[in-house]
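> Starting off with a structure, shown below.
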Amino acid sequence: MIRQVKEEDAGVIAAIYNYYVAHTAITFETEPVSGEEMRERIVRISAEYPYFVYEKDGAVAGYSYAALWKKRKAYNRTVESTVYVSPDHRHEGIGTALMTRIISELHRIQMHAVIACITIPNSESVAMHEKLGFAKASHFRQVGWKFGRWLDVGDWELVLDSH
């Protein structure tokens, strides 16, 4: 079941996210995020943009949101998407379900474009985004340093409308 995020989801969302902080280069954050910091992020983001969680057997198994891509006014109909799935529930279609819901909601609120910034390599995320219609728009080499190595990132873009 996909539902709107609640403030009380902050602890489990922080736990999911912190797994990726500690064990992967998928996020460039290097320090764990507290439940309170995650709650503040949830409040700030969900006040303006869609933010959903996927519940499985009564527990949050993943989350996804859209947020401001860049601050300048002309970018106000372009958002960046984020999706994380609990490591215990990967390969169950949860990420795709969450992103499909985010895209649907972005259509409804008349956003124009969605950007997904993906650490390279990350073939699973690339495949999921491309399956949903995203196309690679940029590739930045050696822009993040984590786990003793330089990492690339790419942006994948989905244009939601042609207006």
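Values quoted throughout were computed directly from the atomic coordinates according to the rules given, and no laboratory measurement underlies them. Worth saying up front: this structure is predicted, and the values here are computed from it rather than measured. All Cβ positions, even for glycine, are placed from backbone atoms using ideal geometry, and neighbour counts span all protein chains on display.
> How large are Rg and Dmax for the chain when calculated on the C-alpha trace, in angstrom?
Considering the chain through its Cα atoms, Rg and Dmax are 15.2, 44 Å.
> Let me ask you something else. So what are the three principal axis dimensions of region 8-78 from its Cα atoms, in whole Å, longest to shortest?
For region 8-78, the Cα spread along each principal axis is 39, 28, 20 Å.
> Here's something else I'd like to know. If you plug each phi of region 114-120 into the Karplus form 6.51 cos²θ - 1.76 cosθ + 1.60 with θ = phi - 60°, what whole-Hz ³J(HN,Hα) values come out, in order, with x for Gly and Pro?
Coupling constants for region 114-120: 10, 10, 10, 8, 10, 5, 10 Hz.
> Restricting to DSSP H runs of at least four residues, report the calculated mean residue ellipticity at 222 nm for the chain, -39500 (n - 2.57) per run over all residues, nearest 500 deg cm²/dmol.
Values: 4 runs with 50 residues, N = 163.
When only DSSP H runs of four or more count, the value is -9500 deg cm²/dmol.
> Could you work out the relative contact order of region 1-123, using alpha carbon pairs under 8 angstrom and six or more residues apart, expressed as a whole percent? Could the numbers behind the result be given before it?
Numbers: 191 pairs, mean separation 29.8, N = 123.
Result for region 1-123 is 24 percent.
> Another one. Between region 55-76 and region 115-158, what is the separation of their alpha carbon centroids in Å?
First find each Cα centre; the distance between them is then 17 Å.
> Determine the sum of side-chain charges near residue 56: Lys and Arg each +1, Asp and Glu each -1, restricted to other residues whose C-beta is under 10 angstrom from that of residue 56. Intermediate values should be presented prior to the final figure.
Values: positive: none; negative: 55, 57, 88, 92.
Within the 10 Å Cβ shell, the charges total -4.
> Related question: Mind scanning 56/146; 73/136; 70/146; 73/131; 6/146 and naming the pairs with a C-alpha gap bigger than 26 Å? Could the numbers behind the result be given before it?
Working: 56/146 32 Å; 73/136 24 Å; 70/146 24 Å; 73/131 30 Å; 6/146 31 Å.
Over 26 Å Cα-Cα: 56/146; 73/131; 6/146.
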